[in-house]
Amino acid sequence: MSSSANPPASSRCGFVAIVGRPNVGKSTLLNALIGAKVSIVSRKAQTTRHRIHGVFTRGAEQFVFVDTPGFQSRHGGAMNRMMNRVVTQALADVDVVVHVVEAGKWSEGDANLLPLLPSRARRILAVNKTDLLKDRDALFPYVARIAALHPYDAVVPVSAAKSRQLDHLLDEIAKGLPEGEPMFEEDTLTDRPVRFIAGELIREKIFRLVGDELPYGSTVVIEQWEEKPRLVRIAACVIVDRDSHRPILLGAGGERMKRIASEARQDIAKLIDTPVHLEIYVKVRKGWAERESALRDLGYE
Ligand SMILES: Nc1nc2c(ncn2[C@@H]2O[C@H](COP(=O)(O)OP(=O)(O)OP(=O)(O)O)[C@@H](O)[C@H]2O)c(=O)[nH]1
C-alpha cells in the first residue's frame with residue numbers, strides 16, 4: 001500500500017457567530033477560543049459582508065468569528081423589530097451560530113433569540129459558566145428543557161473563564177464549517193495585520209460602549225503607528241457620517257471616548273505585548289457612509 005492511499009484532509013472555513021443575551025459570557029468565550037491567535041491574521045484579497053471579530057486556524061480548519069451588533073439592543077417596540085432585522089441579516093449567511101446561555105439560567109432575553117437562529121446554519125447551544133454550578137446533575141434537566149424549545153444540532157457545556165470543554169466546542173463548530181480554502185492567511189507578526197486588528201479592537205469597543213445609538217456608518221482608520229523602544233504610539237481616527245454622531249461618540253465631557261480609548265489601549269497592549277499610547281480622534285465626513293455602503297454593495301470594503 002502506498003502512502004497516497006490517505007487523501008489529504010480537506011480544508012474547511014466558515015463564518016461563526018456567537019450570540020446570547022448580555023452578560024452570558026460571549027466575549028470571554030470568544031477570547032478563550034481564539035486567544036492571541038487574533039494577532040496573527042491578515043486579510044487575503046477577498047470581500048466579506050461581516051465585521052470580523054477574530055480568526056482562529058486549527059490545522060485545516062479556519063473559524064472566522066463575526067460580529068452581530070443587533071444583539072446589544074436594549075430597546076423595545078419598533079427599535080426592537082428593527083434590531084431583529086439587523087440580527088437576522090447578520091446571521092443570514094453564517095455557517096454556525098453558537099447560542100450562549102448561562103448554566104441553570106433561562107430568561108426572556110435568552111428566549112427572544114430563539115426565533116432569530118437561522119435554520120440553515122448549524123446551531124449549537126453552549127451552556128457557559130458550568131464552573132459556577134453547585135449541582136452538576138442539575139445540568140441535564142436544564143439542557144433537556146432548553147433543547148425542547150429549539151432543535152439545536154449540538155449542546156456543549158463549557159466554562160469560558162476556566163477554558164473547559166473548549167476543544168469539544170470547536171469540534172462541534174468545525175462540523176458546520178463548509179469545505180473550502182482558508183479566507184485568511186496566518187502571517188508573521190508584522191505591522192499591517194496588527195494595525196488591522198488594532199482598528200478592529202477600537203471598532204469593537206465603539207460597538208460595545210455606544211451600541212445601537214451609533215448608526216453603521218462609522219469606521220476606524222489607524223493614522224499613526226510609531227514604535228518606540230518600550231512604547232507604541234498610535235493615533236486612530238473614527239470617521240462618522242454626521243455632525244450629530246460626534247457627541248454620541250464622545251459622551252458627556254468626553255467620558256465615553258475616554259473609556260473606548262482606555263479599553264482599546266489595554267487590549268492592543270496585550271495583543272502586541274508592549275505598552276501603548278493611544279489617541280482617538282473623531283472626524284466627520286458627510287455622505288461617507290452612503291458612499292461606503294455603495295462600495296460595499298459592489299463588493300469592495
Ligand atoms: N464564573 C464564570 N464567569 C464567567 C464565565 N464566562 C464569563 N464569565 C463572567 O461573566 C461576565 C460577563 O462576561 P462577558 O464575556 O462580558 O459577557 P458578554 O456576554 O460578552 O456580555 P455583553 O457584552 O454584555 O453582551 C464577566 O464578569 C465574566 O468574567 C465562566 O465561564 N465562568
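The values are calculated or read from the model by the stated rules, or taken from the named source; none is laboratory data. This is a predicted model, so every value here is computed, not measured. As a convention, Cβ positions derive from the backbone with ideal geometry for all residues, glycine included, and neighbour counts pool all protein chains shown.
Which of (1) surrounded by 13 or more Cβ atoms within 10 Å (Cβ to Cβ); (2) more than 16 Å from the ligand (Cβ to nearest atom); (3) within 22 Å of VAL55 (Cα to Cα) is the odd one out, the single condition ARG164 does not satisfy?
It fails just one condition, (2).
Filter the range 220-274 for residues that are part of a loop (DSSP other than H, G, I, E, B) and within 17 Å of LEU209 (Cβ to Cβ) and give the result.
GLY251
Could you tell me which numbered condition ILE173 fails, if it satisfies all but one of (1) in contact with a strand residue (DSSP E or B) (Cβ under 7 Å, 6 or more places away or on another chain); (2) in contact (Cβ under 8 Å) with a residue 60 or more places away in the chain; (3) outside any helix (DSSP H, G or I)?
Here ILE173 clears every test but (3).
Tally the residues that are more than 16 Å from the ligand (Cβ to nearest atom), surrounded by 12 or more Cβ atoms within 10 Å (Cβ to Cβ) and either on the phi > 0 side of the Ramachandran plot or among the charged types (D, E, K, R) (or both), restricting the search to the range 129-156.
1
Just for the range 93-126: of the residues that are among the basic types (Lys, Arg) and in contact with a strand residue (DSSP E or B) (Cβ under 7 Å, 6 or more places away or on another chain), which one is farthest from the ligand (Cβ to nearest atom)?
Among them, the one singled out is ARG122.
I need a count of the residues in the range 9-30 that are surrounded by fewer than 18 Cβ atoms within 10 Å (Cβ to Cβ) and either away from the ligand (no atom under 15 Å from the Cβ) or within 23 Å of MET183 (Cβ to Cβ) (or both).
The first filter runs over the range 9-30 and keeps only residues surrounded by fewer than 18 Cβ atoms within 10 Å (Cβ to Cβ), leaving 9-11, 22-23, 27-28.
Narrowing further to those that are either away from the ligand (no atom under 15 Å from the Cβ) or within 23 Å of MET183 (Cβ to Cβ) (or both): 9-11, 27.
Summing the residues that are surrounded by fewer than 18 Cβ atoms within 10 Å (Cβ to Cβ) and either away from the ligand (no atom under 15 Å from the Cβ) or within 23 Å of MET183 (Cβ to Cβ) (or both) in the range 9-30 gives 4.
Name every residue in the range 89-107 that is more than 17 Å from CYS13 (Cβ to Cβ) and modelled with pLDDT under 90, in order of residue number.
Matches in the range 89-107: GLN89, ALA90, LEU91, ALA92.
How do the pairs read when you match residues in the range 119-132 that are touching a residue at least 60 places away in the same chain (Cβ under 8 Å) with residues anywhere that are near the ligand (Cβ under 10 Å from one of its atoms) and among the acidic types (Asp, Glu), using Cβ under 7 Å and keeping only pairs 6 or more apart or on different chains?
From residues that are touching a residue at least 60 places away in the same chain (Cβ under 8 Å), the pairs are ASN128/GLU102; LYS129/GLU102.
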